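The values are calculated or read from the model by the stated rules, or taken from the named source; none is laboratory data. Small disclaimer: the values here were computed from a predicted structure and weren't measured. Cβ placement follows ideal geometry from the backbone for every residue including glycine, while neighbour counts extend to all protein chains displayed.
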Amino acid sequence: MPAGFPTTVASPQVWRPDEIAALQDEWILQLSPLDIDAIKLALANVKQAGISPKQLTPDNFCLPHSLRERLTDVGDSLHMGLGFGLLRGLNPKEFSMEENIIIYAGITSYIADQRAYISPNGTDVLAHIRDLGDLFNPTLIKSPAYTNSEMTFHTDLGDIVTLYTLEKGKGGGSFRLASSGQIYNTLVKSRPDILRTLSQDFLFDSMDSAIGAYRMPLLHHHGERIFLQSFRRPFTGFGDFKRSKDLPAVDAAQMEALNVLHFTAKEHSIKIDFQNGDIMAINNLALLHARDKFVETESSTGNPRHLLKLFQRDSKRAWELPLAMRPQWAELFGHRGEGERQENFPVEYPTQLDRGQVPASGWSQNG
C-alpha cells in the first residue's frame, strides 16, 4: 500500500453494480409534461431577452420551484449521494441546435455554476462529441471521443461532467460507470502494489508543445478522500498520434497498473443506454466512465450519434482538491485574456474545420 493511504474508503459514492439496479428512482429524474412545458417557457423567455448561453444561471433560466428543487437534488447527489444522476424526457428534435444549447446550459446551471474550458487554448466550454471520420482523415483524429471506437475507463477534467444526448445513433455506444472507491477497495485486497504504482508520478505527454511533458500521480489522498484519475492517451497515444519519442516509454509496472485499473473498473461497472434527450451528470472526482464502440447510421442522410459535453464545478459544494491537481483546475476554471471570463458555446463543430485542425478533447487525456 502507498504510505498514508487508507485501507478502505466508505461514502455513498462507493457502490457495487448490483446495488444500483434497485436504486433507479434515486438517480433517474423523469421529466413530466409539465416539466417540459416549464423548460420550453424558460427557453422562450431567454430568447426573448437575448440572453447568451454563457450568461445562463438559475436566476434567468427560470423554472418552477418543484423542478428547481429536483435539479438541485441532482447536484446534491453528485457530491453527497451516488455521484451521478440522469434527467430523462426531453425531445431534442423539437428544438434547433441553438435552442438545445440554451436548454442544456440552463438546466445544468442548477447542477453546477461554473463551466470549464475544454481545450488548453481558446474559450470553448462546450464540446460536440461525434464521429468526425466523415470530416477528417482518420489519421488526424487525436481522441477516441471523435471516433466510433470504444473508450476505455477514464476520467475527464473538472469536478463534474455532463452529457446531453441529441442523437444516440444506430446502435452500441453504451455508457459505463464505475465507483472509484469500489475500485480502490477492491485493489486494496487484491493488488495493493497497483495502488502504490498509481500513487507515484507518471510522466504525461501533453501532446501540446506549448504545455510540454509533466509529472503527476494518478492516485491521490487528500483529507478523507482518495482521488483516482485514469488516462491512457498521455502514455500510449491514440491512433497515429504516438507518445513522443523524446520521452521515456511507460515502464512495465505502470502499464500493468493502467490495464488492471481498466479491467477492475469494467468488472465493477454499470451500463446505461442513453435515450435521445438524456442529460447525464457524473462526479468526475468519484467515478470512472467508459463508452462502448457504436455503430453509425449507414446513410449520410441518417442522424449520426451526437452528444454535447460540459466540464463543470459547483463552487459551493466543490471538494477540496489535492495540491497536485490544483494548477490544472485553475487553468480549467480561470480567466483567459482581459476583462470578464469569456465562454464560447459553438453551434457547429469543429469550429476550426476551415483551418484543417481536428478539435482537442479533454486536453489530450481522456480515453
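Values as computed for the structure displayed
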| quantity | calculated |
| --- | --- |
| Any hit, region 295-316, residues being touching a residue at least 24 places away in the same chain (Cβ under 8 Å), among the β-branched types (Val, Ile, Thr) and under 25 Å from Pro217 (Cβ atoms) | no |
| Single unsatisfied condition, Ser199 versus (1) crowded, with 19+ Cβ neighbours inside 10 Å; (2) within 25 Å of Glu19 (Cα to Cα) | (2) |
| Unique match (being modelled with pLDDT under 95 and surrounded by 17 or more Cβ atoms within 10 Å (Cβ to Cβ)) among Thr108, Thr152 | Thr152 |
| Among (1) surrounded by 20 or more Cβ atoms within 10 Å (Cβ to Cβ); (2) of a type in the set (Ser, Thr, Tyr); (3) farther than 19 Å from Leu166 by Cβ - the single one Ser52 does not satisfy | (1) |
| Of the criteria (1) in a loop (DSSP other than H, G, I, E, B); (2) farther than 22 Å from Ile183 by Cα, which one Gln13 fails | (2) |
| The one condition in (1) in a helix (DSSP H, G or I); (2) in contact with a strand residue (DSSP E or B) (Cβ under 8 Å, 6 or more places away or on another chain); (3) crowded, with 20+ Cβ neighbours inside 10 Å that Ile20 fails to fulfil | (3) |
| Enumeration of residues in region 168-186 that are in a helix (DSSP H, G or I) and touching a strand residue (DSSP E or B) at 6+ places or on another chain (Cβ under 8 Å) | Ser180, Gly181, Ile183, Tyr184 |
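Here is a yes/no grid of residues against (1) at pLDDT below 95; (2) assigned to a helix (DSSP H, G or I); (3) surrounded by fewer than 21 Cβ atoms within 10 Å (Cβ to Cβ):
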site	(1), (2), (3)
Val188	no, yes, yes
Ser209	yes, no, yes
Arg215	yes, no, yes
Phe231	yes, no, no
Asp246	yes, no, yes
Glu256	no, yes, yes
Thr264	no, yes, no
Phe274	no, no, no
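Yes or no, residue by residue, for (1) in a helix (DSSP H, G or I); (2) out of contact with any strand residue (DSSP E or B) (no Cβ under 6 Å at 6 or more places or on another chain); (3) not aliphatic (A, V, I, L, M):
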position	(1), (2), (3)
Leu78	yes, no, no
Leu90	no, yes, no
Tyr117	no, yes, yes
Gly122	no, yes, yes
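So that you can scan it fast, the table gives a plain yes or no per residue for (1) aliphatic (A, V, I, L, M); (2) closer than 20 Å to Lys316 by Cβ; (3) not in a strand (DSSP E or B):
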position: Met1; (1), (2), (3): yes, no, yes
position: Asp25; (1), (2), (3): no, no, yes
position: Lys47; (1), (2), (3): no, no, yes
position: Thr57; (1), (2), (3): no, yes, yes
